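Each value in this text was obtained by applying a stated rule to the coordinates, not by laboratory testing. Predicted, not measured: the structure shown is a model, and the values here were computed from it. Heads up, the Cβs are rebuilt from the backbone with ideal geometry, glycines too, and the neighbour counts pull from every protein chain shown.
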Amino acid sequence: MRAPQSVRCGATFPPPVMSPHPPSPSPPDYAVIIIGAGPVGLLLGCLLGAQGVRVLILEKRTEPLPYSMAIGITPPSLQILAKLELAEPFINLGVKVRDCFLHGQSGYLGRVSFREIASEYRYVLALPQTETVSLLLRKIAEYPSVTIRTGGELTTAQQDQDRVEASFTIHSEADEQRVTAHYLVACDGSRSRVRDLMKVRAVGQAYERHFVMGDFVDDSGLGDEAHLFFTAEGAVESFPLPNGKRRWIVQTSEHLDEAPAGLIRELVQSRAGFSLRDQDQISQSGFTPRRLNCDRYHDGRMILCGDAAHVMSPIGGQGMNTGFADAEFLAKALLSMLRKGLAPEPLLAAYDRYRHEAAQSAIRRAGWGMWIGTWRGKTLSALRDLMLRLACKGCLSHRVGAFYAMLTIPYNTLESVPLAEFNEGTVKGASRGNGLQFLGD
Ligand SMILES: Cc1cc2nc3c(=O)[nH]c(=O)nc-3n(C[C@H](O)[C@H](O)[C@H](O)COP(=O)(O)OP(=O)(O)OC[C@H]3O[C@@H](n4cnc5c(N)ncnc54)[C@H](O)[C@@H]3O)c2cc1C
């Protein structure tokens, strides 16, 4: 057994290191081990690090992902980031998307506006996931109680009543290493190894919808607005990105790992009427959305968070934001257990129940949005045009804005958990005292 070496981090992952210490008889003890330094694991690490909690983050990659999946950061996520004094740096780098314009077979349908939503952030921030990860890595470097080990892949984890023991391999070293902690949180993404070890049932499936997305140098003149084009031949989505770039997503008939060069340009031209240039294309990738939700989010001291717990269609863009809300909820619960000595079971039961429900709601919404947006053929397109025209009218339009900004997801924040219900012990094992202290944190 070897003690993992403390590694401080910068905006990229620190390099994998050889442990200089001889094997130690007693493994180091962390309060929390987080598996995975994706956006959700890093945010959780920041929220705990800001309170001085001793955290080890274990990440199998040696460099962050070079490409961006998530680009939309919703107002509730900005509120979480603000608690870490991160909202401003994020906003300074991102693009404020205040309006999303909808176009159909019959022409312009209307606008979903975030300008009047009930939030201090009246926009969705467009920022590539690479930048989000980079900002979180920079922030986490400010917290001396947080250590990141990269190039280290979790192999097994087991727990007893008091602690969890995790074994992992460091790519550059032969021996398996072990660490212990009070809690282990799996932020290891949609193909979570920890979820398998926990034997948690994950119910999910792929949608029969396919897309190719690409980032381009932006010459469209569409500015800071998002535009969605719903046509009888398939959908096109277009979102602004910082630094004069724009993301285009086109619906395709089949999954294309390697889409032919020029495909996005051709489909954008024929469906949306915009002329893109091949030489302006920066990236391209195909994806087939999936949905997945676990029937429980914890087993004893091992807890699932982010994509490890739930996956939703990225069309509608809410996976990372849902994971951010999980992280905030869980950080508060962990602090209540670690600092106030509150019993874990009611707190984790609340996390299980309410975050499962929140994710289920986000999964359903993303699925519906994608389903309607991808109807093909003239009849269904005409029906969709009618529905979207109505949705963009009058008071409905404000509701749609709040809906897409994720303000209406239930239990999106801890504050929205029904206090009375919690105190009355509806959450299995919750006691009155626990509930009040937990929520009054
Ligand atoms: C095309 C696309 C567009 C999207 N757009 C949006 C959007 O606009 N808004 C939004 O909210 N969401 C969006 N999403 C979803 C978003 O990308 C995910 O929800 C988000 O990445 C989840 O973050 P995570 O930290 O939970 O998991 P991940 O980002 O998957 O990170 C998991 C980390 O764990 C590490 N890991 C895995 N296994 C191990 C192991 N055994 N040991 C150690 N480390 C391990 C991985 O290397 C990785 O770094 C999009 C997704 C796609 C595919």
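Observations on the model:
- In degrees, nearest ten, helix 394-404 long axis to first principal axis of the chain (Cα): 40
- Cα convex hull of the stretch 92-146, projected area averaged across orientations, nm²: 6.0
- Secondary-structure-derived ellipticity at 222 nm for the chain, considering helices only, amounts to -9500 deg cm²/dmol, per-run term -39500 (n - 2.57) for DSSP H runs with n ≥ 4.
- Orientation-averaged projected area, Cα convex hull of the stretch 92-212 (nm²): 13.8
- The value of relative contact order for the chain, using C-alpha pairs under 8 Å at least six residues apart, is 19 percent.
- Only one residue of 351, 182, 166 has its Cα farthest out toward the positive end of the dipole of the chain, where Lys and Arg carry +1 and Asp and Glu -1 on Cβ, and that residue is 351.
- Backbone HN-Hα couplings from phi across the stretch 137-146 [Karplus 6.51/-1.76/1.60, Hz, Gly and Pro as x]: 5, 5, 5, 5, 5, 7, 9, x, 7, 10
- Quick note on the chain: its Rg to Rh ratio, both from C-alpha atoms and Rh being the Kirkwood radius, is 0.98.
- Calculated P(r) of the stretch 300-357 - Cα pairs past 20 Å, %: 26
- Classification of the stretch 314-399 by its C-alpha gyration tensor yields a prolate form. The axis ratio a/c (a ≥ b ≥ c) is 1.5 or more, and a/b outweighs b/c.
- Cβ-to-Cβ counts within 10 Å put 310, 103, 398 in ascending order as 398, 103, 310, the fewest first.
- On Cα atoms only, tilt of 356-373 relative to the major axis of the chain in degrees: 20
- Cα pair count fraction exceeding 18 Å, expressed as % - the stretch 44-108: 61
- Gyration tensor (Cα) of the stretch 196-269, equivalent ellipsoid semi-axes in angstrom: 29, 17, 13
- For the residue pairs 83/199; 96/378; 96/139; 245/393; 83/340, the alpha carbons lie more than 26 Å apart in 83/199; 96/378; 245/393.
- Taking the convex hull of Cα positions in the stretch 232-305, its mean projected area over all directions (nm²): 8.0
- Choice from 52, 104, 367 with maximal GNM fluctuation in the chain (Cα, 10 Å cutoff): 52
- Between the beta carbons of residue 279 and residue 243, assuming R0 = 25 Å, the FRET efficiency works out to 0.90 to the nearest 0.05.
- Sequence-distant aspartates and glutamates (8 or more away, or on other chains) whose Cα lies within less than 19 Å of residue 332: 85, 299, 345, 352, 357, 415, 421, 441
- Shown for the stretch 251-352 is the translational diffusion coefficient from the Stokes-Einstein equation, using the Kirkwood radius over Cα pairs, a temperature of 20 °C and a viscosity of 1.002 mPa s: 126 µm²/s.
- Computed log₁₀ I(q)/I(0) - Debye formula, equal Cα scatterers, no solvent, the stretch 336-376, q 0.22 Å⁻¹: -0.72
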